[in-house]
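Participant: Quick one: this structure, given as structure tokens, is what I'll be asking you about.
The values are calculated or read from the model by the stated rules, or taken from the named source; none is laboratory data. If you're wondering where the values come from, they're calculated on a predicted model, not measured in any experiment. Glycine gets a Cβ as well: all are built from the backbone with ideal geometry, and neighbour counts include every protein chain shown. For the accessible areas, the whole protein counts, side chains as well, though only heavy atoms, and no ligand, DNA or RNA atoms are used. Shrake-Rupley method; radii C 1.70, N 1.55, O 1.52, S 1.80 Å.
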Amino acid sequence: FVMKYNYNEIEAKWQKYWAENQTFKAVNNSEKPKFYVLDMFPYPSGAGLHVGHPLGYIASDIYARYKRLKGFNVLHPQGYDSFGLPAEQYAIQTGQHPAITTEENIKTYRRQLDKIGFSFDWSREVRTSNPDYYKWTQWIFIQLYNAYYCKDDNKARPISELVTVFELEGNQKINAVCDDDISIFDEKAWKFFSKKEQELILAKYRLTYLSESEVNWCPALGTVLANDEIVNGVSERGGHPVIRKKMMQWSMRISAYAQRLLDGLQTIDWPQPLKDSQTNWIGRSEGAMVEFEILTPTLSNGEGVNKGYLTGDSQTASTLLPHAKEMRKEPTLEEALLWDSLRNSKLEAKFRRQHLIGKYIVDFVCLEKKLVIEVDGEYHNNKEQIELDQERTLELEQKHFFKVIRFTNEEVKFEISKVLSTIKQVLSSRNTITQSNQETSPAPLERVGVRIFTTRPDTIFGVSFMTLAPEHELVSAITTDEYREKVQEYITKTAGRSERERMADVKTISGQFTGAYAIHPFTDEKIPIWIGDYVLASYGTGAVMSVPCGDQRDYDFAKYFDIPIPNIFADIDISNEAFSDKENTIIANSDFLNGLNYKEATQKVIEQLEAKEIGNRKINYRLRDAVFSRQRYWGEPFPVYYVDELPQMIEEKHLPIILPEVEHYLPTEDGRPPLGNATHWAWDVEKLSVVSCELINNTTIFPLELNTMPGWAGSSWYFNRYMDANNLTEFASKEAMNYWKEVDLYIGGSEHATGHLLYARFWQKFLFDLGYVPVDEFAKKLINQGMILGMSAFVYRVDGTNQFVSKNLKDNYSTQSIHVDVSLVNTSDELDIEAFKNSREEYKNSEFILENGKYIVGREVEKMSKSKYNVVSPDEICEQHGADSLRLFEMFLGPLEQSKPWNTAGITGVDGFLKKLWKLYVPNENIEITDETPTAEEYKTLHKTIKKVAEDIESFSFNTSVSTFMIAVNELTALKCNKRAILEPLLIVMAPYAPHITEELWSLLGNKESISKAVFPKFEEKYLVESTKNYPVSFNGKMKFTLELSLDLSKDEIQQEVMHHPKTIQFLEGKTPKTIIIVPGKIVNIVV
RNA sequence: GCCUUGAUGGCGGAAUUGGUAGACGCGCUGGAUUCAAAAUCCAGUUCCUUCACCGGAGUGCGGGUUCGAUUCCCGCUCAAGGUACCA
């Protein structure tokens, strides 16, 4: 019986033992302190794991095992983010159900993970595609739908509270996050709104809401594409045209949490670069919102439009306005009659006639009271016309929040006094509407002005023009006839370029004057209004005040179009470029701002703007609400059905709503999402179940939502589910969550910085607001593991031949480099020529130009990927070197957070170490151990190892631990140590890194229980105390020799010893030192 | 452009509050063992000069602070990642 280090056998044995004994199962209550170590769960792709994937898992596993040894109750779970695109695409190609391929992939993943010996508690496994799991994803969605964000409390609250307030006093006092286009209404108006109108208003407050947003639709592929799947306006795959298509989609009001997401970063220990990218992504900028009044020459002749009573839709305004003028000139008899009566009666409201609202010209309107009066002609009996009128009323009421009342010609002609009294009555029931409630629009809605956001309100006197995005809604309304053609031409030109093209091409300056002018709020000067595509419609208000002296883009624009560049900075030369240094700004030529610095001037100008009610302080965020709908099959279905186009949540007790079966995984031919193919996808409100689509009658059976949720839905809360993964009645029990609270250590890739990690923080804060989770940041500490890069290998084909030339001879030829599979190359970069020839038909008859009888391949570090033939699988490493070797080697490669190339050749180092370790315990054929007292030297080695490794693990410096182990084993081998008092604790220290070999040796030493139940040895300083120090003696800071001296010596005694040393005398060459620096226990430095 | 991180032998990397630069491992060179190979063991391995000793230079580049700088400060170069006409 020979005890050999047979890693395959040993590793299989212990993996089986751990599984059978449920060694790593965590309990939800314990005397021990808790510790939660989490990995980002993987998407189980068909390709399986490569050696880069387990890097973070190994690190977290070491940490988890270490914490167990340190006496913690450790939760270390694992699961699968199993909804996703690749399975769906595979399904489209093969017809194979994504659930089946996903299941297969998970099996592969599990097998691969098990081989590496992780200490996961698999009893808590989650899969996002599992109905028991996505039931709760749907549940959270419903909670979001039923909540709004209250700015007074700075948290989410139930939407039902909002309804109560609306019923009592309307929305006038509500301070909540909502859509920009909300209007003010009182309780009477609220009651006046139809159910549908009320729902549409509530939608503007809900934390998840439907809105029309654009998607990239590729008709040829019949699918929606992500931005990065489009290159130059055509699909990356196939090069088919892509069109922008508007679709009703769910959005998440993450913008409500912008400030808290920012503030929360202060409280969590996450990597600075990651915090920085979240900070940038949220993009908070402080400044002011300012409204500039517009002079609109074309409109100034007409009635009621010169000074800002424009309510028309910019798209149609230009064509409708002349029409309205015409109608004003030639009113019908009835219109004229009513107009006179309205003016003569003592109504306190001001009416306008033939006024543009949205895309309609209404007969009479009182803007202050938001009341529209329409007089119908004789065609009102026509059925078609009635429908049109209804549509018109609906839009005016819902979109523009006007009350519409109608009279017939007959009523006006014969019963004018009754008509007037009705009008009076309605007027008195309506509150005066003067202000929109939200801070982004401080001015009355009816005023024509252009609102801009600026971070430099202090430079307002430097404004010499304004620029609007070409898509800005006011553009066509303000453009003068003189410039209309050119403006239209410019708009058409820029619309033809995609956002991407526009962004890529930042050098070309382009723009067009509109003919319109704004009025400077302080100087009353005329400011020309331009349009230019350097202004983005999607940021701020889509309009800027251009201060060429203070902003380089404005400067370049002004230079290009010969617009004046007034200088408002004291003593700054702006003849070559703009000056944008806030810190060194002193304002000049700016009336009441003269002489002030950036901060003072900003403060003062905002005060003035607020006093004049044309502007206010404003914090703007770049963060947009997140689109939450995907036109995909393999995702969570929404628990939503539609009644009269209004979304309805399915009651929580009927969840989960299970993903239906479909025949095809592509969208339907008419462009509906894949769930449009489902035959059973309708909601029966009586049976309370999903039924056949054929039964839809829109009275009791309604269509279900066809979109599915995005990939980040399931991953935004899974860390909470692990705390109580098998709970059937709650997403996790209160007790479990109060015990585990949050993740203590989260390890994963930095690529999730602005996706998963931001959304997950958002959901956690939301769940916290509603009292469902105990903390509002889900992960205390986060570490980003670096990427492991592949070492690609290349062969060099001589152009136009079937000859391949070895690396160092290739410069003599004209060659093309071709990726070659790394498995065909040995550790000395030599190509296995026979294997290469057989690898592909086209290489069969290749010839080779060798160097020294060998073919040497070229090497290059690249991302590991199948297409580069540089993938190394952990399976083959486990097979050939063992899991412990793999674990140690991955850690040994370098600092966890750095990216580094993989080179299998280096693994022999840790292989050798493990063999030496084994030999230390089993020097001959049997384990040899004594209970003798160790020597001081042996103790010293052990304790410095304990100290270093504990420090390393706690500072995530896993690579240095491995070298510490090597040093320890080398030293103890040299000492021929076989003392139990040394070798037993040493195993415990190494157990987190190399769990299998340590378990085996631990049991060979006679221990009955798993080493993972042991206690991490206590470090004792006394074993490291030294009596002497080998002092480095430096001259002018350069070390020249060392000198062994007792640590008891005083400074003076050290100086005596050093100065009398022959080497010192030699180096001094007879000179007297200027100073002698002595740091006892550290160094001696002689200055000459 | 902006933000972040980094730059140390042939390679991966170490040096924890400023105190012996290059730990540990790979690779390479030489040796032992072997018929031979693999495996194992021993020695050497920053560069320049030298047979060797001695000596000199040296942590991306240029300055500075300090008795002493890979470490702190200023200016620059390059690389990687994030982000972007963000007003």
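Participant: Would you work out if the stretch A:1-150 is rounded, prolate or oblate? Take a ≥ b ≥ c from the square roots of the eigenvalues of the alpha-carbon gyration tensor; rounded if a/c is under 1.5, else prolate when a/b is larger than b/c, oblate otherwise.
Facilitator: The shape class here is oblate.
Participant: Which of A:Q512, A:S963, A:M787 sits closest to the plus end of the dipole of chain A, meaning its Cα is farthest towards the positive end, when Lys and Arg get +1 and Asp and Glu get -1 on the C-beta?
Facilitator: A:S963
Participant: Using the Cβ atoms and a cut-off under 12 Å, what net charge is assigned to the surroundings of A:S1046, where Lys and Arg are +1 and Asp and Glu are -1?
Facilitator: -4
Participant: Could you compute how much accessible surface A:W712 exposes when probed at 1.4 Å, giving the result in Å² to the nearest 10?
Facilitator: 30 Å²
Participant: Now, a different point. Apply the a/c threshold of 1.5 to the C-alpha gyration tensor of the stretch A:620-693 and tell me whether it is rounded, prolate or oblate.
Facilitator: Oblate shape, in that a/c is at least 1.5 and b/c is the bigger or equal ratio.
Participant: Now a separate question. Determine the order of A:M1059, A:M1039 by accessible area, beginning with the largest, at a probe radius of 1.4 Å.
Facilitator: If we order A:M1059, A:M1039 from most to least accessible, we get A:M1039, A:M1059.
Participant: As a test question: what accessible area, to the nearest 10 Å², does A:V448 have when a 1.4 Å probe is rolled over all protein chains in place?
Facilitator: 10 Å²
Participant: Just how large is the dipole of chain A about the Cα centre, in debye to the nearest 20, putting +1 at every Lys and Arg Cβ and -1 at every Asp and Glu Cβ? Provide the component values of the computation, followed by the final result.
Facilitator: Values: 124 positive and 154 negative charges, 434 e Å.
Computed charge dipole of chain A: roughly 2080 debye.
Participant: Using the per-residue mean of other Cβ atoms lying within 10 Å as a proxy for protection, in what order, highest first, do the peptides A:468-479, A:936-947 fall?
Facilitator: Result, highest mean Cβ count within 10 Å first: A:468-479, A:936-947.
Participant: Which of the listed residues, A:S123, A:A99, A:L85, is farthest toward the dipole's positive end in the stretch A:82-128, when Lys, Arg count +1 and Asp, Glu count -1 at the beta-carbon?
Facilitator: With unit charges placed on the Cβ atoms, the residue in question is A:S123.
Participant: Relative to the longest principal Cα axis of chain A, at what angle does helix A:131-145 sit, 0 to 90 degrees, rounded to 10?
Facilitator: Long axis of A:131-145 versus the principal axis of chain A: about 40 degrees.
Participant: Also, quick follow-up: Tell me what chain A gives for mean residue ellipticity at 222 nm when only DSSP H runs of n ≥ 4 count, each as -39,500 (n - 2.57), the sum divided by the residue total, rounded to 500 deg cm²/dmol.
Facilitator: Rounded to the nearest 500, the figure is -10500 deg cm²/dmol.
Participant: Spin-label point model (7 Å from Cα, Cβ direction): what's the A:E897 to A:S957 distance in nm?
Facilitator: 1.3 nm
Participant: What is the extension gain from A:E9 to A:E1020, computed as 0.36 nm multiplied by their sequence separation minus the C-alpha to C-alpha distance, in nm to one decimal?
Facilitator: In short, 360.3 nm is gained.
Participant: With the dipole of the stretch A:1014-1088 worked out from charges on the C-beta (+1 for Lys and Arg, -1 for Asp and Glu) around the Cα centre, which of A:G1037, A:V1058, A:I1077 lies farthest toward the positive end?
Facilitator: A:G1037
Participant: In nanometres, what is the gap between the two model label sites at A:N808 and A:D832, each 7 Å from Cα along Cα-to-Cβ?
Facilitator: The answer from the label model is 2.4 nm.
Participant: Still on this structure, I have one more. Please list A:515-524, A:164-173, A:983-992 highest first by mean number of surrounding beta-carbon atoms within 10 Å per residue.
Facilitator: Highest mean packing first, the order is A:983-992, A:515-524, A:164-173.
Participant: Extension gain A:E879-A:R840, at 0.36 nm per residue separation less the Cα-Cα distance, in nm?
Facilitator: Gain on stretching A:E879 to A:R840: 11.4 nm.
Participant: Give the distance, in whole Å, between the Cα centre of the stretch A:669-702 and the Cα centre of the stretch A:983-1020.
Facilitator: 60 Å
Participant: Turning to a different aspect of this structure: Hey, what D do you get for chain A in µm²/s if you plug the Kirkwood alpha-carbon radius into Stokes-Einstein at 10 °C and 1.306 mPa s?
Facilitator: 45 µm²/s
Participant: Given R₀ = 35 Å, FRET efficiency for A:E694-A:E161 by Cβ-Cβ distance, to 0.05?
Facilitator: The formula returns an efficiency of 0.30 here.
Participant: Length gain on complete extension for the stretch A:A19 to A:K976, per 0.36 nm per residue less the alpha carbon to alpha carbon distance?
Facilitator: 340.9 nm
Participant: Using a 1.4 angstrom probe with every protein chain in place, what is the largest-first accessible-area order of A:E1000, A:E214?
Facilitator: Order by accessible area, largest first: A:E214, A:E1000.
Participant: Calculate, axis by axis, the spread of Cα positions in the stretch A:732-857 along the three principal axes, and write the results as whole Å, longest axis first.
Facilitator: For the stretch A:732-857, the Cα spread along each principal axis is 72, 26, 24 Å.
Participant: Let me ask something else about it. Based on the alpha carbon coordinates of the stretch A:929-1088, what radius of gyration and maximum Cα-Cα distance (Dmax) apply, in Å?
Facilitator: Spelled out, the Cα radius of gyration and Dmax of the stretch A:929-1088 are 21.4, 70 Å.
Participant: Decide, for the stretch A:41-84, between rounded, prolate and oblate: order the square roots of the alpha carbon gyration tensor eigenvalues as a ≥ b ≥ c, take rounded if a/c falls under 1.5, and otherwise choose prolate if a/b is larger than b/c, else oblate.
Facilitator: oblate
Participant: Got a number for the accessible area of A:M248? Probe 1.4 Å, square angstrom, nearest 10.
Facilitator: For A:M248, solvent-accessible area is about 120 Å².
Participant: Continuing with this model, one more query. Nearest 10 degrees, 0 to 90: what angle lies between the long axis of helix A:1051-1060 and the longest principal axis of chain A (Cα atoms)?
Facilitator: Rounded to the nearest ten degrees, it is 60.
Participant: For a quick protection proxy, order the peptides A:629-636, A:420-427, A:353-360 by their average other-Cβ count within 10 Å, most packed first.
Facilitator: Put in order of decreasing packing, that is A:629-636, A:353-360, A:420-427.
Participant: At 1.4 Å probe size, put A:M723, A:M327 in order of accessible surface, largest to smallest.
Facilitator: Numbers: A:M723 0, A:M327 65 Å².
Of A:M723, A:M327, the descending order of accessible area is A:M327, A:M723.
Participant: As I understand it, the value is the acute angle between the Cα axis of helix A:958-974 and the longest principal axis of the Cα atoms of chain A; what does it come to in degrees, rounded to 10?
Facilitator: The answer is roughly 10 degrees.
Participant: Still on this structure: When DSSP beta bridges are limited to those with both residues in chain A, what percentage is antiparallel, rounded to the nearest 5?
Facilitator: 75 percent
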